[in-house]
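To start, the structure under review is shown below, and the notes come after it.
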Amino acid sequence: MAWKQSGHPAVQKQRDKWVVRVDGIDTESGRRRPRQVGTYPSRRSAQAAASAFTAAGEVAAERETVGHLVDQWVAGKVDVSNKTRLQYEWAAGHIRTGIGGVRIDRLERADVARWFDQLATEGRFSR
């Protein structure tokens, strides 16, 4: 199972421990899957681990995702008719749902191919 990060680390209390989780996407199925970075005895140590994870450069900024790029592109189309704008927004919504959380620098052709195959097998759209 291949996994790609799509969010920031979050510190959460789980029973008597503190955990650090990061939102992500299973690239094979396209489903959202959080990943647990670690379990810690105190909130302070969990916050330190989340900060270290962020400093390591493994955190996706919202503006670096495919979804943000698509939204920017749609917003930049000012010289189109209302009907065309609605079609662009409709398509952008599907892109955001499918692969919108993937960082641009981590997007691969295989991700897009899996997403297209998923749409076709679910019967939502044809190839």
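Values in this text are rule-based calculations from the coordinates and carry no lab data. What you see is a predicted model; the values in this text were computed from it and never measured. Neighbour counts run over all protein chains shown; Cβ positions are idealised from the backbone, glycine included.
Structure notes:
- Near pairs, Cβ below 6 angstrom, 6+ apart or cross-chain, from the stretch 32-56 (at negative phi) to any residue that is part of a helix (DSSP H, G or I) and aromatic (Phe, Trp, Tyr): VAL37/PHE53
- Considering the stretch 15-36, and only residues there that are closer than 15 Å to PHE53 by Cα and of a type in the set (A, V, I, L, M, F, W, C), the residue that is surrounded by the most Cβ atoms within 10 Å (Cβ to Cβ) turns out to be VAL20.
- Taking each residue of the stretch 3-14 that is surrounded by 14 or more Cβ atoms within 10 Å (Cβ to Cβ) and looking for partners that are among the hydroxyl-bearing types (Ser, Thr, Tyr) and not in a strand (DSSP E or B) with beta-carbon atoms closer than 8 Å, six or more apart or interchain, yields TRP3/THR27; LYS4/THR27; HIS8/THR54; PRO9/THR54.
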